[in-house]
Structures are given as C-alpha cells and as structure tokens.
1. Where Lys and Arg each count +1 and Asp and Glu each count -1, what net charge lies around Glu60 among other residues with Cβ under 11 Å from its Cβ?
2. What longest region of the chain stays clear of GluC sites (Glu not before Pro) that DSSP places outside H, G, I, E and B and that have at most 16 other Cβ atoms within 10 Å?
3. Give the calculated FRET efficiency between Arg141 and Tyr4 to the nearest 0.05, with a Förster radius of 25 Å applied to their Cβ-Cβ distance.
4. What Cys residues in the chain have no fellow cysteine's beta-carbon under 4.7 angstrom?
5. By the scheme Lys and Arg +1, Asp and Glu -1, what is the net charge of all other residues having a beta-carbon under 15 Å from that of Gly165?
6. Between Val214 and Ala200, with labels modelled 7 Å along Cα→Cβ, what's the label distance in nm to one decimal, could you check?
7. Stretch His68-Val173 to full length: gain in nm at 0.36 nm per residue minus the Cα-Cα span?
8. Lysine pairs in the stretch 1-118 8 or more apart or on different chains: how many have alpha carbons under 28 angstrom apart?
Amino acid sequence: MVTYSYSVQMEIAGDTAIWTRPDSGDSPISYPAPTYSAVKALFESVLWGPVVQIIPTKVEVCKPIQWHSYVTNYGGPLRSSKQFKEGTPYQLYATVLTDVCYRLYATVMPNFRKRDFSSKASAWDQRTTAPGHAYQDMFNRRLKRGQSYASLCLGWKEFTPSYFGPFRDGTRVCTELPDIRIPSMLRQVFGSEYQSAYQAVYDTDLVIHQGTLVYPERRP
C-alpha cells in the first residue's frame, strides 16, 4: 500500500504558555517546549477532521526560553468542600513560559480506521482521492485567513496567542540556545486514532538542539 503524506506548518506566538509536566503535581511546571500532543492539538484547532492523522515532526524555538512564576485563583470543581461552602477560590501556583514564539511542523496522512468514521466523514472520504492533500490545501487557506475550528491556546485556555498563521519573515530560530535535555516528555494522553481510549505515552532522552526539538518517529 502506498501512503501519501503531506506537510503542514504554522507559527504561533504569545505572552504566556504552559506545556505541563505531569510529574510537577499541583504546582504545574512547564516543559521548555510544546509536547507532541499540544502541537497536534494546535494544528487540529485550525482544521480538524477524523479522516486524516496529524503527525507532529518538530518544533523550532524562536524566542529565548524564559520561565516565570504565575498565580491564579481557581474556582472550579476540584476545590475542597470547605472552599465550596465558603465560596472561596483555590490559589494555583505554576511555573510558566513568557514571551514565546514557535514554528511548528507536522505531516498529514490518511486515517485508515474507516470503521470509526461518522456517516458524514465517510461520505467526505469517499469523495476524496487524497484526503491528506485536501487537508493540506484547506489548512493553508484557513491559516492565511486566520480562521480556526476551535480557539487556539498556549497550554491553558487563558493563554491565548498574540499571533498564529504562516511563517513571518522576521522570525528566526534561536540556534544559539544551549542544548536542553528532557529526560522524559509526555507524548500523548490518548491514542493516535480518532476516538481513542486513554493511553498515556512518553518519549525519553529528548534534546532541544540549536533551538529545535525533533519528536521521535513512531508508527501511527
């Protein structure tokens, strides 16, 4: 079987970001660069569809890495019963990144698990001879227009981007960054297929070299 893959890319920047390390507990700490699943979600936020698989390949860091202490008042359902009763929030402490900019890269391939498709997705797939190519064209059109399927964010919903779109001429990769080694990095929380069950996967011994983090290849 011949499998056709097509490349997509985008640039995203913002004032604040957090790519949460699961081992950091109730005071979240950010990885120095976005996780595989975060990059996948950003592409899917511009254009999502079950008939294709988006496979992130690498991220380029285009601003110096800066950590910053961040405190917010949490008023959600995970507060203690006393806080619920008194109507008081929980102060959440985090270590975030500030003034971030990334260039993101991914490839798009057909999703061959057609039994999971909805009737609408199946109809679209039957009309399309190259779903990866079709996705690439639609993605690039939407990116240039600033359209998105869902609101983009840099980790947490309140961390909205100041820019997302095609690569800008003035953006450059921070090749002068010293190597940053990441012993273990969350790859994804769910499987790579549409409607997958929970299946946490980690990549080990990663390194940001000359401003670039390459995600290990795995069978989709």
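Any read-out appearing in this document is the output of simple, stated calculations on the displayed coordinates, not a laboratory observation. Just so we're clear, the structure is a prediction, and the values are computed from it rather than from any experiment. Neighbour counts run over all protein chains shown; Cβ positions are idealised from the backbone, glycine included.
1. Working: positive: Lys58, Lys63, Arg103, Arg172; negative: Glu11.
Here the charged neighbours net out to +3.
2. Numbers: sites that count: Glu158, Glu176, Glu193, Glu217.
Between the exposed loop sites, the longest stretch runs 1-157.
3. Numbers: r = 20 Å, r/R0 = 0.78.
Efficiency for this residue pair is about 0.80.
4. Cys153, Cys174
5. Numbers: positive: Arg103, Arg141, Arg142, Lys144, Arg145, Arg168; negative: Glu11, Asp169.
For residues surrounding Gly165, the net value is +4.
6. For the pair Val214/Ala200, the computed spacing is 2.8 nm.
7. Values: separation 105, 0.36 × 105 = 37.80 nm, distance 2.15 nm.
In short, 35.7 nm is gained.
8. Values: Lys40/Lys58; Lys40/Lys63; Lys40/Lys114; Lys58/Lys114.
Taking the stretch 1-118 as the scope, the lysine pair count is 4.
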